[in-house]
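Written out below as structure tokens is the structure these notes cover.
Rule-based calculations on the coordinates, nothing more; no lab input. Model, not experiment: these values are computed from the prediction. In this analysis, Cβ positions are derived from the backbone assuming ideal geometry, glycine residues included, and neighbour counts consider all displayed protein chains.
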Amino acid sequence: MTATAAAGPLDQPVPARGQSQGALLWSRLRRKRAAMASLVVIAAIYMMGIFAPVLAPYSYSQQDLDRQWEGPTADHWLGTDTLGRDMLSRAMYSARTTVIVTLAVVLSGSLILGNALGLLAGYRGGRIDSVVMRAGDVFAGLPDIMLLILINAAFGERVSSLTRWVDTHTFVSGLTATGAASYITVFGALTLFSWVGTARLIRSQVLQLRERDFVLAARAIGATPRRVISRHLLPNVSNLIILSVSGGLGAIAGSEIVLTWFGVGVQPPAASFGAMIFEAGSVRMFQTHPHLLMVPAAFVTALLFSFALLGDGLNDAVRGR
Amino acid sequence: MASYIARRLAWLPLHLLLVTFFTFSIARFGPGDPVSVAAGQFRDPQVLERVRAERGLDGSLVEQYVRWVNRAVRGDFGQSFLQQGYSVGELIRGKILVSAQLGFISLLIVFGLGIPLGLLAARASGSWIDPLVISVLLFMQALPVLVVIPPLLWLFALRLDILPTGGWDGLVDIYWIRGVVAVPIPDPHLYLPLFVLSLPGFASIARLVRVTALEVLREDYVRTARAKGLSEYTVALKHVLPNSLLPIVTVIGFALTGILGGAFFTETLLGIPGIGRFTFEAVRSRDYDVILALTVIVSAAFVLVNLVAEIAYAFIDPRVRLGAESTT
């Protein structure tokens, strides 16, 4: 999987002396046009979300009930929705929601939880391994959409009362008004399910790595498990981590959209592609005002498709193709 | 092998206990006391207490759970709150039948079309079609069901008016030619849900077959077969195909869960009275006993399908030893 797996076609960049794994991966990825194009699309949508407060021509919640369901005009480039809100601004703030949720969940679920558990289970083996993997089985076997909805429904109200408590009892104020509660709930629920894939992937790789000579050598000279894991195993699974993160981003973005569509995710008036798709709703609405669905659909499909293309390209690059 | 299967089956009850306890606690945590829903307009505390006891909802969480398990192992999954007077078992049975029919046909489509397309794509590898095919397949996988259905319905049901807007009317429809000759055709209600349910699975199977076929094509035995002068057709059918199918067995479980997940939205948006729509309604109205029964069914199905897939894999590929820690 590492330097030894570079037996791809001859025109592939092979590891140069002293070249890091990341640099090698990047040089391989840069040759894949589809992957690079998708990277540009993803970056554009993420930038749009991050800079939404600067870029958006209107507020995401500003209503104009005299101008409902308008198609694209000079004032409103992507038209207006059922409440006369600017669709472009809604889409930008929806992208912001996607950015917040995906980054937060990937960071905690895949990068921290999934990695730590995968490394631990693979390296330590035995009972720890069994417990972690069985827990993963349980989560993988649960009907996830249903559970996610239940969790959000059950804890949404609790979390918002918690933010109200924080507002009144601590020096922090205005937390409730930001609508942070629903973001926290969505984040928690998705994190619970997002570690399994990463942990399994990392573990299976570590199971191979720990039998290799360099790990044995490190242990022979008295390296602590902590050092073996952080200095010898972690660098060797870094490519897999990138792979599972890119795979996870699309799934997490999709889950947030589904949860909000169901009504238990990000709460109105906060913008989310899920809310936009829900409001565009029925076939009748699509017949009369197709842009209500087409705008969020275009962004969501572009984003998910780009994640898929990027993941495919990364997969090839990691495996030396 | 028998001991491995036995060990895995022995794990199933524990797995189900963990899964249901998790769901149970979350369900009981939620707002909207099911008892006040069940009691309707009666707000008499005594009545509420009685209903609570009747439904096994009094006492601590653990007490309630133990009681629920006691009833569940005897096949009694309680009563639906939404449709009063019906047991959960009665309600689920008919709906499972509908979803199973849909799911089974989608699986056939997924594998029936995905495998040949994957082989074709592998043959096109290296040409300009190859990246195009991969991109189209990835696009199919990335399309969210939620945004696909309204335009499809609009086009086929409203604009062209050739398909119904939704619903369920069995599998087979009789088409009369001049009122004399009866020709059985697939019911028109099936086309849209089958299309939407099969699309992502079909694309992922095709991609998987393509990748494995590409690896198989590089194997020595394929070169030997060609060197012997066998026709390309024989090589593809006798040597490449069987060996490319190996990994497919392991993903049947995932294909099935994918279809189950898709059914949740497809059945809801297209008004099909199956498990997916039932789940949607149960979650929406917090029909706890139904939710728990559905969790048991889905989790058990997932574990069993994966076990069957593993056993099948060991049968097909003698190199695989069940129970040995896989390091690949």
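Just a few scattered comments:
- Anchor residue B:95: aspartates and glutamates whose Cα lies under 12 Å away (excluding residues fewer than 8 positions away in-chain): B:267
- Loop-located trypsin sites (Lys or Arg not before Pro) in segment B:58-95 whose Cβ has at most 15 other Cβ within 10 Å (DSSP): B:74
- Gaussian network model of chain A, springs between alpha carbon atoms under 10 Å - residue of A:258, A:166, A:266 with greatest fluctuation: A:166
- Hull-based mean projected area of chain B, where the convex hull spans the alpha carbons, in square nanometres: 24.5
- Qualifying trypsin sites (Lys or Arg not before Pro) in segment A:23-59, DSSP loop, other Cβ atoms within 10 Å at most 16: A:30, A:31
- When the alpha-carbon atoms of chain A are used, the pair Rg, Dmax equals 22.7, 76 angstrom.
- Remark on segment A:107-175: ratio of C-alpha radius of gyration to 2.2 N^0.38 Å is 1.59.
- FRET efficiency, residue A:173 to residue A:127 (Cβ-Cβ, R0 51 Å, nearest 0.05): 0.60
- Nearest-0.05 FRET efficiency for residue B:158 and residue A:227, computed from C-beta distance (R0 51 Å): 0.20
- Remark: chain A carries a charge dipole of roughly 1620 debye about the Cα centre, counting +1 on each Lys and Arg Cβ and -1 on each Asp and Glu Cβ.
- The value for the protein assembly as shown of Rg(Cα) / (2.2 N^0.38 Å) is 1.03.
- Sequence-separation-based contact order of segment B:92-285, relative, with Cα cut under 8 Å and 6+ spacing, percent: 33
- Around the amide H of residue B:173, modelled in the peptide plane, lie the amide H atoms of B:185, B:187, all under 5 Å away and 5 or more residues distant in sequence or on another chain.
- Selected from B:290, B:249, B:148 as most flexible by GNM, with chain B as the system and alpha-carbon contacts under 10 Å: B:148
- Helix A:180-209 and the longest principal axis of the Cα set of chain A meet at an angle near 20°.
- For the pair residue A:77 and residue A:44, label points projected 7 Å from Cα toward Cβ lie 1.1 nm apart.
- Model label points for residue A:26 and residue B:232, set 7 angstrom from Cα along the Cα-to-Cβ axis, are 4.2 nm apart.
- Taking the Cα centre of segment B:92-285 as origin and assigning +1 to Lys and Arg Cβ atoms and -1 to Asp and Glu Cβ atoms, the resulting dipole is close to 320 debye.
- Angle of helix A:33-50 to the longest C-alpha principal axis of chain A, folded into 0 to 90 degrees and rounded to 10: 50°.
- GNM top mover of A:43, A:275, A:189 - chain A, alpha-carbon springs below 10 Å: A:43
- For segment B:185-242, fraction of C-alpha pairs farther apart than 18 Å, in %: 52
- Of the chymotrypsin sites (Phe, Trp or Tyr not before Pro) found in segment A:58-145, those that fall in a DSSP loop while having at most 16 other beta-carbon atoms within 10 Å are A:69, A:77.
- Note that segment B:104-181, at 25 °C in a medium of 0.890 mPa s, gets a Stokes-Einstein diffusion coefficient of 152 µm²/s from its Kirkwood radius over C-alpha pairs.
- Linear extension gain, residue B:182 paired with residue B:76, 0.36 nm per residue minus alpha-carbon span: 33.8 nm
- Sequence-distant residues sharing a close amide H with residue B:79 (under 5 Å, placed H): B:88
- Taking the helices alone, chain B has a mean residue ellipticity at 222 nm of -22500 deg cm²/dmol, built from -39,500 (n - 2.57) per DSSP H run of at least 4 residues and averaged over all its residues.
- Label positions at residue B:2 and residue B:136, each projected 7 Å from the Cα along the C-beta direction, are separated by 5.1 nm.
- R0 of 30 Å, Cβ-Cβ distance residue A:164-residue A:107: FRET efficiency to nearest 0.05: 0.70
- Check: the protein assembly as shown dipole with +1 on Lys, Arg Cβ and -1 on Asp, Glu Cβ, in debye: 2260
- Across segment B:92-285, counting alpha-carbon atoms alone, Rg and Dmax equal 19.9, 66 Å.
- Nearest-ten-degree value, helix B:246-270 long axis tilted from longest Cα axis of chain B: 50
- Of the residues B:176, B:100, B:113, the one whose Cα sits farthest towards the positive end of the charge dipole of segment B:92-285 is B:113 (charges of +1 on Lys and Arg Cβ, -1 on Asp and Glu Cβ, taken about the Cα centre).
- Normalised per residue, the volume of the convex hull around the Cα set of segment A:143-289 (Å³): 164
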